[in-house]
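Visitor: Sharing a structure below in structure tokens format, with a few things to ask.
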Amino acid sequence: MSEPTSRREFLERAGATVAASTVGVPSVLLPDGDEVLGVALCGLGSYATGQLAPGLQRTEHCELRGIVTGSPEKIPRWQQQYDIPDQNVYSYETLPEIANNDDLDVVYIVTPTGLHARDALKAAKAGKHVWCEKPMAKTVAECRSMIDAADKNGVQLTIGYRLQHEPNNRTVMRYAAEETYGAVTEVQTGAGYDGAHPDPDNWRWDAERGGGALYDMGVYPINAARYATGMEPVAVTGRTWSEREEMYSEVPEFAEFELEFPGGVVAKGETSFGKSTNYLDVTYADGWCRLRPFQSYSGVQGKTSDGTQLRPSGRDQQARQMDNDARAIKNDEAPVVPGEEGVADIRIVQAIMESSEKDGARVTL
């Protein structure tokens with residue numbers, strides 16, 4: 001069973017101050033020099049194309065200098081749009097050769113979940129810092145291999161939980177750490193969308209590649225339940241199912257779960273590919289806080305029981321995240337979201353699946 005995080009440890013992790021409305025200015029980490037880190041995006045799917053590459057154009061401490069892809073037809077457009085030289089273009093097979101390229105400092109892994117460990121190990125062994133998109137990997141064992149590789153090769157490993165950098169979610173973290181409204185008594189949270197993935201080659205269909213709503217979207221409410229309480233759960237119950245078997249026969253389309261925390265605190269969560277949910281509701285002994293939406297790319301906002309308004313902080317979540325992570329490397333400081341954060345969530349994901357397979361049995365952690 002994992003040990004619960006102490007309030008002091010959580011306060012250190014959350015940070016003592018939060019920039020509640022400042023856009024583009026990291027809420028943590030100290031000022032540093034002028035060095036700009038070169039980033040290579042590994043995997044050129046929709047998130048890399050629509051969010052990370054544009055986000056890198058708005059960062060101060062890192063810049064897009066390279067790409068790693070298994071789709072040669074994408075290379076010319078990326079090179080032209082972002083002025084990427086031939087020597088900074090790699091395939092998944094040639095990724096280890098990045099060790100010889102001093103222009104690139106970081107590899108950001110944005111491949112499907114089931115491939116994260118494969119690519120992160122190659123990047124770490126090449127001596128490059130690794131930023132890995134959530135969820136960290138398919139299994140706890142894969143997560144541990146990534147952490148071990150980073151430690152062995154003296155590089156940083158951070159997980160792309162953008163919400164842990166987002167000011168309003170950080171305010172929720174601070175409320176727990178400082179007990180602003182008293183101790184947390186209950187959390188209810190959900191993240192999902194009402195959509196479909198009709199292409200049979202979409203990785204979200206595929207169990208081997210880490211598909212399904214629980215991995216893709218479920219780690220948002222799981223992670224939120226942990227940072228909203230400032231504790232680690234001691235037990236889990238859960239249920240997973242699919243309604244559109246033509247798409248999600250291998251993976252769950254829906255999941256519901258309950259996390260038990262020390263002191264009788266309970267978090268109820270849900271995730272889905274067939275229902276739109278986007279909320280984080282926290283009840284405290286002396287009040288409450290609601291974020292709605294809590295995990296959108298923009299417009300995260302909320303309010304508290306005493307009338308405090310948590311106003312939207314802008315559209316630069318990815319830029320803030322990557323600048324914070326770059327500063328951690330430059331300052332040789334611990335990142336906001338280290339690998340241990342990712343493995344904690346995957347342990348819970350696996351426990352939810354185990355509980356569902358056992359008809360909702362309670363699984364201790």
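The values are calculated or read from the model by the stated rules, or taken from the named source; none is laboratory data. Because the structure is predicted, anything quoted here is derived from the model rather than measured. All Cβ positions, even for glycine, are placed from backbone atoms using ideal geometry, and neighbour counts span all protein chains on display. When the accessible area is computed, the model is the full protein with side chains, heavy atoms only, and any ligands, DNA or RNA have been set aside. Shrake-Rupley method; radii C 1.70, N 1.55, O 1.52, S 1.80 Å.
Visitor: Kirkwood hydrodynamic radius (Cα pairs, Å) of region 225-283?
Guide: 12.8
Visitor: Determine the dipole magnitude for the chain: charges of +1 sit on the beta-carbon of Lys and Arg, -1 on that of Asp and Glu, nothing else is charged, the reference point is the Cα centre, and the result goes in debye to the nearest 20.
Guide: On the way: 36 positive and 55 negative charges, 122 e Å.
It works out to roughly 580 debye.
Visitor: Now a separate question. Treating the beta-carbon of each Lys and Arg as +1 and of each Asp and Glu as -1, no other charges, what is the dipole magnitude of region 267-365 about its Cα centre, to the nearest 20 debye?
Guide: Rounded to the nearest 20 debye, it is 440 debye.
Visitor: What length, rounded to one decimal in nm, is gained on full extension from Trp288 through to Glu354, with 0.36 nm per residue of separation minus their alpha-carbon distance? Let's see the in-between values first.
Guide: Numbers: separation 66, 0.36 × 66 = 23.76 nm, distance 3.20 nm.
Separation in residues times 0.36 nm, less the Cα-Cα distance, equals 20.6 nm.
Visitor: Then there is this: In the chain, what percent of the accessible surface is made up of carbon and sulfur (1.4 Å probe, ligands and nucleic acids excluded)?
Guide: 46
Visitor: Between Tyr47 and Asn331, 0.36 nm times their residue separation minus their Cα-Cα distance comes to what?
Guide: Numbers: separation 284, 0.36 × 284 = 102.24 nm, distance 2.77 nm.
Fully extending the segment from Tyr47 to Asn331 adds 99.5 nm.
Visitor: Sticking with this structure for a sec: What number, in percent, do you get for the relative contact order of region 257-324 if the mean sequence gap of Cα pairs under 8 Å and at least 6 apart is divided by its residue count?
Guide: Values: 88 pairs, mean separation 11.6, N = 68.
In percent, rounded to a whole number, it is 17.
Visitor: Evaluate the distance, in nm, between pseudo-label points positioned 7 Å from the Cα of Gln309 and of Arg58 along their respective Cα→Cβ axes.
Guide: Between Gln309 and Arg58, the label points sit 2.2 nm apart.
Visitor: Tell me, rounded to the nearest percent, the portion of alpha carbon pairs in the chain spaced more than 40 Å apart.
Guide: The calculated P(r) of the chain puts 9 percent of pairs beyond 40 Å.
Visitor: Quick check: the distance between the Cα centres of region 328-350 and region 58-84, to the nearest angstrom?
Guide: About 26 Å separates the Cα centre of region 328-350 from the one of region 58-84.
Visitor: Here's another thing I want to ask about it. Points 7 angstrom from Cα along the Cβ direction at Arg118 and Gln87: gap in nanometres?
Guide: About 2.9 nm, to one decimal.
Visitor: Is it possible to state the helix-based mean residue ellipticity at 222 nm for the chain, with each DSSP H run of 4+ residues giving -39500 (n - 2.57), the sum divided by total residues, to the nearest 500 deg cm²/dmol? What is it?
Guide: Rounded to the nearest 500, the figure is -8500 deg cm²/dmol.
Visitor: Once R0 is set to 30 Å, what does the formula 1/(1 + (r/R0)^6) return for the Cβ-Cβ distance between Arg362 and Ala141, expressed as a FRET efficiency to the nearest 0.05?
Guide: 0.80
Visitor: Just to confirm, what accessible area per residue do you get for the chain at 1.4 Å probe, in whole Å²?
Guide: Per-residue value: 40 Å².
Visitor: Gaussian network model of the chain, Cα springs within a sub-10 Å range: biggest mean-square fluctuation belongs to which of Ile329, Ile348, Ile222?
Guide: Per the Cα network of the chain with a 10 Å cutoff, Ile329 tops the list.
Visitor: Can you compute the radius of gyration and Dmax for region 227-343, using only the Cα atoms, both in Å?
Guide: Spelled out, the Cα radius of gyration and Dmax of region 227-343 are 17.5, 50 Å.
Visitor: Set Lys and Arg Cβ to +1 and Asp and Glu Cβ to -1, take the dipole of region 213-355 about its Cα centre, and tell me which of Val282, Leu310, Ile352 lies farthest positive.
Guide: Value computed over the given set: Leu310.
Visitor: Where a Cα-Cα gap under 28 Å defines reach, which lysines qualify for Lys275, not counting those fewer than 8 residues away within the same chain?
Guide: Result set, ordered by chain and number: Lys134, Lys138, Lys303, Lys358.
Visitor: If you take every DSSP beta bridge whose two residues both sit in the chain, what share of them, in percent to the nearest 5, is antiparallel?
Guide: 55
Visitor: While we're here: Considering Cα pairs under 8 angstrom that are at least six residues apart, work out the relative contact order of region 232-272 and quote it in whole percent.
Guide: Working: 68 pairs, mean separation 16.3, N = 41.
Relative contact order comes out at 40 percent.
Visitor: From the residues Ala228, Gly38, Thr94, which one has its Cα farthest along the dipole of the chain in the positive direction, the dipole being from +1 and -1 charges on Cβ of Lys/Arg and Asp/Glu about the Cα centre?
Guide: Of Ala228, Gly38, Thr94, it is Ala228.
Visitor: Hand me the trypsin sites (Lys or Arg not before Pro) from region 213-315 located in a DSSP loop with no more than 14 other Cβ atoms within 10 Å, in residue order please.
Guide: When the trypsin sites (Lys or Arg not before Pro) of region 213-315 are filtered for loop state and at most 14 Cβ neighbours within 10 Å, Arg244 remain.
Visitor: Which residue, Gly70, Gly127, Gly302, has the most motion in a Gaussian network model of the chain that connects Cα atoms within less than 10 Å?
Guide: Highest fluctuation among the options: Gly70.
Visitor: Taking 8 Å as the Cα distance limit and 6 or more residues as the minimum spacing, I'd like the relative contact order of the chain as a percentage. Display every interim value, and only then the final one.
Guide: On the way: 825 pairs, mean separation 78.3, N = 365.
Answer for the chain is 21 percent.
Visitor: Using all Cα-Cα distances in region 33-84, what percent lands in each 10 angstrom bin from 0 up to the longest?
Guide: 24, 59, 15, 2
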